[in-house]
1. Among G66, G125, which is the only one that is under 16 Å from Y5 (Cβ atoms), small (G, A, S) and assigned by TED's automatic domain parsing to the domain that holds M15?
2. Might you let me know whether segment 67-74 holds any residue that is within 21 Å of T37 (Cβ to Cβ), assigned to a helix (DSSP H, G or I) and of a type in the set (S, T, Y)?
3. Which pairs turn up if I take residues in segment 187-213 that are within 14 Å of E158 (Cα to Cα) and look for partners that are loosely packed, with under 13 Cβ neighbours inside 10 Å and aromatic (F, W, Y) with beta carbon separation below 7 Å, at least 6 apart in sequence or on another chain?
4. Residues being more than 12 Å from L162 (Cα to Cα), of a type in the set (S, T, Y) and not in a loop (DSSP other than H, G, I, E, B): count how many of those fall in segment 172-202.
5. Can you list residue pairs whose Cβ atoms sit under 9 Å apart, with the first residue in segment 67-83 being acidic (D, E) and the second being crowded, with 22+ Cβ neighbours inside 10 Å and not in a strand (DSSP E or B)? Count only pairs 6 or more apart in sequence or on different chains.
6. Starting from residues that are on the phi < 0 side of the Ramachandran plot and surrounded by fewer than 17 Cβ atoms within 10 Å (Cβ to Cβ), keep the ones in segment 46-64 and report whichever is modelled with the lowest pLDDT.
7. Within segment 173-186, how many residues turn out to be under 16 Å from L152 (Cβ atoms) and either in contact (Cβ under 8 Å) with a residue 40 or more places away in the chain or polar (S, T, N, Q) (or both)?
8. Would you mind telling me which numbered condition in (1) in contact with a helix residue (DSSP H, G or I) (Cβ under 6 Å, 6 or more places away or on another chain); (2) assigned to a helix (DSSP H, G or I); (3) modelled with pLDDT of 90 or more E113 fails?
Amino acid sequence: MKESYNIIIADDHVMFLDGLHNILTEIPQIKTIHVATDGLQVMRLLAHFDDIDLVISDINMPKMNGLELLSTVKEKYPRVKFFLLSMLDDIRTINKAIRKQADGYLLKFADKEELKSGIAEVLLGQQYYSPAVKAKYMEGVFNNKSNQEIKLSKREKEILKLLADELTSNEVGEKLFISVNTVETHRKNILLKTGSKTTIGAVKFAIENGYFD
């Protein structure tokens, strides 16, 4: 077991980054804390310093988001641990984090003691997914079967994608060379299949379940 660790923290909100830095200085095992405001800065730091043990990163960041950064770090620096610290608690994001082998995932509204203990576990080679994140994941597992039974046709996906891009039914019809009535029929079928009351609800459902991937 190492006696000290060098880490990188990344967040595009400087005030949050400063607060996180202050909290981490309370962990005696942490020797050096490098700071970045986007994923590309993290990659430059990793290329410059060969003794980084852990990256703690937000997800919503410019230039390279936290999930993209996670994949890149795991590919290029597999020994470096990766801890996500985010406001995002939707099941699709959590599933992606798990698939991409995040070592930790904590929501930003957690208290600092949970943050410190979670980071300590990851530094010791364990995984740490907070109870709130685990609860969301289990909710998704139980709902996954019913979601998988919802099948949108290729045309329905095309129409929903265009509606998500804020095209009107007339514009969708013109783009796909179909009538407005056909667009509306497809839209109603999409709402019925997804159990949504509005097009916005259907778009949200499609995003959360990876229909636009």
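The values are calculated or read from the model by the stated rules, or taken from the named source; none is laboratory data. Just so it is clear, the model here is predicted, and its values are computed rather than measured. Ideal geometry is used to build each Cβ from the backbone, glycine not excepted, and the neighbour counts take in all protein chains shown.
1. Among G66, G125, only G125 is under 16 Å from Y5 (Cβ atoms), small (G, A, S) and assigned by TED's automatic domain parsing to the domain that holds M15.
2. yes
3. Here the result reads A206/F212, each pair linking segment 187-213 to a residue that is loosely packed, with under 13 Cβ neighbours inside 10 Å and aromatic (F, W, Y).
4. Qualifying residue count, segment 172-202: 3.
5. E68/G39
6. P62
7. Qualifying residue count, segment 173-186: 2.
8. All conditions are met except number (1).
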